[in-house]
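I have placed the structure first, in the form of structure tokens, so that the comments after it can refer back to it.
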Amino acid sequence: MNRPQQRSHQLSSGADGEKVQSKLETSPPSFFKHPGRLEAFSDGVFAIAITLLALELRVPPVETASTPLRLWQALLEGWPSYFALLLSFGTIYAAWIGHHMMLQQVQDIRPALVWTNGLFLLSIVLLPFTTALVAEHLTHPGAPVAVAIYAGVNALTSLMYLRLYQVSQRHFTEASPNLRLASLGAGVGLALCGGAVILAFVTPIGALLLVACVWLWWSLPDAGRRAQR
């Protein structure tokens, strides 16, 4: 009595197997065998970008800081560099957190994700240059332009993260609550940094503080998780 049922089950399994095999044959090949390769390369870019920030700090020369008082004065005069470094460090670190959260869920690497990831990393490697630009011009008449460029690059970073999220969701991942929260943060970051571009021509310092609000939100993941409950 069990043989007809067993035969029917075998036929059903065979049909399902053919469908799975057909789907595998028609799907495009993976770009990399494992997502770890893409993540390792990206981590290297993040590490270099965040290290370059510190290389922009200048040590006061002995000729202009020959006494303890003059050295303190020279160090205090360099506050734009310290402020810009801390701001960009937080931005890159927050971007690395969101990027890691996303790639943790990627099971298959396709060309669309690879190239979108490359554009996202391009926005990251631009940050050391814009940081140096702000540090050099923040206390000079060119401050509005320097800060507007800096805020624009930060807006680009948020935009490319959103695009990376869209590409990964379309093809490869199932979003977790934390990842959806990260994409929401990127959307808020895009709006705030876009507003900072305009605000820079009114108050450069205010525009930088507005940019700081983006990564400050990222620094409170526990509060974000509680908001999801």
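Details
- Once backbone amide H atoms are built at 1.01 Å from N, Ile109 has Phe31, Phe32 as its partners under 5 Å, excluding neighbours fewer than 5 places away on the same chain.
- Accessible area of Arg70 in the full protein assembly, 1.4 Å probe (Å², nearest 10): 120
- Reported to the nearest whole Å, the Cα centre-to-centre distance from the stretch 62-113 to the stretch 183-203 is 19.
- Residues in the stretch 110-117 carry Karplus couplings, in order, of 10, x, 4, 5, 4, 6, 5, 4 Hz; the curve used is 6.51 cos²θ - 1.76 cosθ + 1.60 with θ = phi - 60°, and Gly or Pro positions show x.
- Residues in the stretch 76-117 that a label on Thr139 would reach, taking backbone N under 12 Å of a point 7 Å out along Cα→Cβ: 76-83
- Ile48-Leu69 FRET efficiency (beta carbon distance; Förster radius 35 Å; 0.05 resolution): 0.40
- Ranked order, Glu136, Glu63, Glu39 - accessible area, probe 1.4 Å, largest first: Glu63, Glu136, Glu39
- With the simple model of a label 7 Å out from the Cα in the direction of the Cβ, Ile198 to Phe41 spans 3.8 nm.
- Extending 7 Å from the Cα toward the beta-carbon at both Phe129 and Gln169 defines two label points whose distance is 3.1 nm.
The values are calculated or read from the model by the stated rules, or taken from the named source; none is laboratory data. Keep in mind that this is a model prediction, so the values were computed, not measured. All Cβ positions, glycine included, derive from the backbone under ideal geometry; neighbour counts span all protein chains shown. What goes into the accessible areas is simple: the full protein's heavy atoms, side chains included, and nothing from ligands, DNA or RNA. Shrake-Rupley method; radii C 1.70, N 1.55, O 1.52, S 1.80 Å.
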